[in-house]
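Participant: Below is a structure I'd like to ask you about.
Laboratory data are not the source of any read-out in this text; all were calculated from the coordinates shown. The structure presented is a predicted model; accordingly, all values stated were derived computationally and were not measured. Counting neighbours? That spans all protein chains shown, and the Cβs are built from the backbone with ideal geometry, glycine included.
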């Protein structure tokens, strides 16, 4: 049960992870997200970058499941997701950042030229693959470019992703 405004805002992030909309998060949501990103950027699944992305997706799933899947059924319910964010990670966004880092690192390699950066436009493009509405994706991507150089790198995206997961604003 979601009680506070904070919990309601965190619960809204659940749908981003529940890629297939079946009401729970599982391994297939992460592999599906990887597959969609590869298709969007025309990268082969069997390539080094494709395999790294699938490996990062698996690492993200395993990390999140280890924190949130309290009943061990290999599915994360909305309630388990909110509990993980509110009670286990709220004050430890760096912990979630490290869980997400392999996936985000690989996603940057898929969406960018392979130097650890991606253009603001391609950042927005990647966000839309994950279900973020276009106007919001463009705004978020622009905000991530803190130094105004037209690119987003791992040092910008990893902590931002962790804050997004653990901080409702």
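Participant: Hey, with R₀ at 25 Å, roughly what FRET efficiency would residue 163 and residue 8 work out to, going by the Cβ-Cβ distance, to 0.05?
Facilitator: Details: r = 18 Å, r/R0 = 0.70.
The formula returns an efficiency of 0.90 here.
Participant: Percent relative contact order of the chain, based on C-alpha pairs within less than 8 angstrom and at least six residues apart?
Facilitator: On the way: 234 pairs, mean separation 42.7, N = 169.
Dividing the mean separation by the residue count of the chain yields 25 percent.
Participant: Under 10 Å, Cα contacts only: if you run a Gaussian network model on the chain, which one of 110, 136, 118 comes out with the highest mean-square fluctuation?
Facilitator: So, out of 110, 136, 118, the one fluctuating most is 136.
Participant: Could you compute the FRET efficiency for residue 46 and residue 105, with r as their C-beta to C-beta distance and R0 at 22 Å, rounded to 0.05?
Facilitator: Details: r = 19 Å, r/R0 = 0.87.
Efficiency, from the Cβ-Cβ distance: 0.70.
Participant: So, one more: With only alpha-carbon pairs counted, each pair once and no self-pairs, how large is the Kirkwood hydrodynamic radius of region 1-131 in angstroms?
Facilitator: Values: mean 1/r = 0.0657 Å⁻¹.
Result for region 1-131 stands at 15.2 Å.
Participant: Let me ask something else. Provide, as a two-decimal number, the C-alpha radius of gyration of region 99-162 over 2.2 N^0.38 Å, N being how many residues it has.
Facilitator: Details: Rg = 10.4 Å, N = 64, 2.2 N^0.38 = 10.7 Å.
Taking the Cα Rg and dividing by 2.2 N^0.38 Å, one obtains 0.98.
Participant: Grab the Cα-Cα distance for residue 95 and residue 20, subtract it from 0.36 nm times how many residues apart they are, and report the gain in nm with one decimal.
Facilitator: Numbers: separation 75, 0.36 × 75 = 27.00 nm, distance 2.61 nm.
Length gained, residue 95 through residue 20: 24.4 nm.
Participant: Moving on. Using the alpha-carbon centroid of each, what span in Å lies between region 100-152 and region 1-57?
Facilitator: 15
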